[in-house]
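Participant: Quick one: the structure is below, and I'll ask about it shortly.
The values are calculated or read from the model by the stated rules, or taken from the named source; none is laboratory data. Remember, it's a predicted structure, so these values are computed and weren't measured experimentally. Positions of Cβ are backbone-derived with ideal geometry, glycine not excepted, and every protein chain shown enters the neighbour counts.
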């Protein structure tokens, strides 16, 4: 996963807003490693919320890689987006097996709820977390309750725009 | 402040424990910048919880700098620790004025509740946060509700022991 959080770990503010993500001046549109990251992945897996948010953007479809939309409630992908995304249902382990069988191994898991569900089953190998250095003081947290603790290691850290820090964590199975 | 959190932002686990802080092998006792940090401060300000925890340690008094214990409930510093710590009460702004008037300007604010109370009044200038890269999945969070958002900037980042990342944030009054 590749995601931005506030300094206090939120992915959306108290009103569900994400304006704070873009509050830091970025005159040269530094993408903070996003395109280098997406160049390395085989496909995206996102939840319905994220998918519907992206569908609502008034821009061209932003992804070059196959997109799998996880949803047990959505009946089908809207006509307009059928060339872009595939609906996929069922237990996460089956979903992953299906996507792997299609030749997609390096998956970008996106969306708060989807990330949480993958973490609950220990299905996340890497997390690149960009910390926007604002304490929001409340909002939607990236991380929530987990049945078991999970050890990672920080393998890289970088500062962007003189103030944003990006930490790259990798799952570690032994201390 | 100089504090360690889990990757999901907790300072103590679901059972109040902090064993996970020391779970990463550290054969050379790397202090991850702690003594360099404390060399630069004039005094410590901690809450009663932290003070009582330190008093309970079966070691010599660990601080070389003056310690101010913030408490409205504690009547006095126990006899055994009177040479080490001074009790201080009242609104935080008055407390700070008092400590500053004694010539102590660079203060190390310690303890979860104390840090939260200082942040609520926007009285923290710098935060050095060491992230132990474990998702605990629950516990006591470092950051809680704030009345207003507060902007910081990350001015330094370092990796220790090949897996722990330490981010240094400084309060910023304008974006």
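Participant: (1) under 12 Å from residue B:46 (Cβ atoms); (2) within 14 Å of the chain's Cα centre (by Cα): which one isn't true of residue B:116, the others all being true?
Facilitator: Going through the list (1) under 12 Å from residue B:46 (Cβ atoms); (2) within 14 Å of the chain's Cα centre (by Cα), residue B:116 breaks only (1).
Participant: Scan the range B:30-60 residue by residue and report those that are assigned to a loop (DSSP other than H, G, I, E, B) and either modelled with pLDDT under 95 or within 16 Å of the chain's Cα centre (by Cα) (or both).
Facilitator: Within the range B:30-60, B:31, B:32, B:33, B:41, B:42, B:57, B:58, B:59, B:60 meet the criteria.
Participant: While we're here: Answer yes or no: is there a residue in the range B:89-99 that is within 19 Å of residue B:49 (Cβ to Cβ), exposed (fewer than 15 other Cβ atoms within 10 Å of the Cβ) and within 19 Å of the chain's Cα centre (by Cα).
Facilitator: yes
Participant: Give me the pairs, please: first residue somewhere in the range A:63-74 and under 11 Å from residue A:42 (Cβ atoms), second residue anywhere and part of a loop (DSSP other than H, G, I, E, B), beta-carbon distance under 7 Å, and either six or more positions apart or on two chains.
Facilitator: Partner pairs satisfying both residue conditions: A:65/A:41; A:65/A:42; A:66/A:104.
Participant: Residue check: is residue A:107 over 30 Å from residue B:172 (Cβ atoms), away from every other protein chain (no Cβ under 12 Å) and touching a helix residue (DSSP H, G or I) at 6+ places or on another chain (Cβ under 7 Å)?
Facilitator: yes
Participant: Any chance you could count how many residues in the range A:132-175 are buried (at least 21 other Cβ atoms within 10 Å of the Cβ) and at positive phi?
Facilitator: Selection size over the range A:132-175: 1.
Participant: Turning to a different aspect of this structure: State the number of residues belonging to the range B:130-175 that are touching a residue at least 24 places away in the same chain (Cβ under 8 Å), within 20 Å of the chain's Cα centre (by Cα), at the interface with chain A (Cβ under 7 Å from one of its Cβ atoms) and over 16 Å from residue B:5 (Cα atoms).
Facilitator: 4
Participant: Also, quick follow-up: Among the residues of the range B:1-22, what is the count of those that are farther than 20 Å from residue B:167 by Cβ and touching a helix residue (DSSP H, G or I) at 6+ places or on another chain (Cβ under 7 Å)?
Facilitator: Residues flagged as farther than 20 Å from residue B:167 by Cβ and touching a helix residue (DSSP H, G or I) at 6+ places or on another chain (Cβ under 7 Å) within the range B:1-22 amount to 1.
Participant: Separate question: Would you point out which residue out of A:99, A:77, A:124 is touching a residue at least 40 places away in the same chain (Cβ under 8 Å), over 27 Å from residue A:139 (Cα atoms) and touching a strand residue (DSSP E or B) at 6+ places or on another chain (Cβ under 8 Å)? Let's see the steps before the verdict.
Facilitator: On the way: A:77 fails: touching a residue at least 40 places away in the same chain (Cβ under 8 Å); A:124 fails: over 27 Å from residue A:139 (Cα atoms).
Within the list A:99, A:77, A:124, the selection yields A:99.
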